[in-house]
Amino acid sequence: MKIRPLQDRILVQPIREKEVMKGGIFIPDSAKEKPIEGRVKAVGKGKIGDDGKPIKLEVKVGDKVLYSKYGGTEIKIEGEDFLLMREDDILGVIE
């Protein structure tokens with residue numbers, strides 16, 4: 001299944017923490033914090049400005065980004081977790 005976000009929406013795949021730490025300690029899902037890093041998988045065409053022209057997004061497919069902890073809508077596509085969020089929820093691009 002393919003998905004194309006609309007307007008200024010971005011599809012992000014969260015980067016999960018490793019489940020086992022260096023010392024071999026297993027961390028259950030209930031003890032983990034929500035991820036705030038992800039990889040951009042798809043972007044919309046951008047918002048339409050007051051003048052009727054599209055405003056391009058600052059992020060592109062493949063960017064590694066930081067996003068708001070509770071930003072976006074969680075969705076599942078073919079068994080994988082993704083977030084669909086607006087560009088405003090992106091805090092920065094990791095270079």
Legend entry - Residue-by-residue Karplus 3J(HN,Hα) for region 72-87, coefficients 6.51, -1.76, 1.60, Hz, glycine and proline x: x, 10, 6, 9, 10, 10, 6, x, 10, 7, 9, 10, 10, 9, 7, 4
Inset, instruction - Would you mind computing, in nm to one decimal, how far apart the modelled labels at ILE15 and GLU78 are, each placed 7 Å from Cα along Cα→Cβ? - result: 2.2
Legend entry - Formal net charge of residues neighbouring GLU95 (Cβ-Cβ distance under 10 Å; K, R +1; D, E -1): 0
Inset, instruction - Set the Förster distance to 22 Å, then compute FRET efficiency between ILE94 and GLN7 from the Cβ-Cβ distance, nearest 0.05. - result: 0.35
Legend entry - Long-range amide H partners of GLY72 with built H, under 5 Å: ARG86
Legend entry - Computed label-point distance, nm, for sites LYS53 and SER68 using a 7 Å Cα→Cβ extension: 2.8
Inset, instruction - List the chymotrypsin sites (Phe, Trp or Tyr not before Pro) within region 49-92 that fall in a DSSP loop (any state other than H, G, I, E or B) and whose Cβ has at most 11 other Cβ atoms within 10 Å. - result: TYR70
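Values in this text are rule-based calculations from the coordinates and carry no lab data. Nothing here was measured: the structure is a model prediction, and the numbers come from that model. Here Cβ is always computed from backbone atoms with ideal geometry, including for glycine, and neighbour counts include all displayed protein chains.
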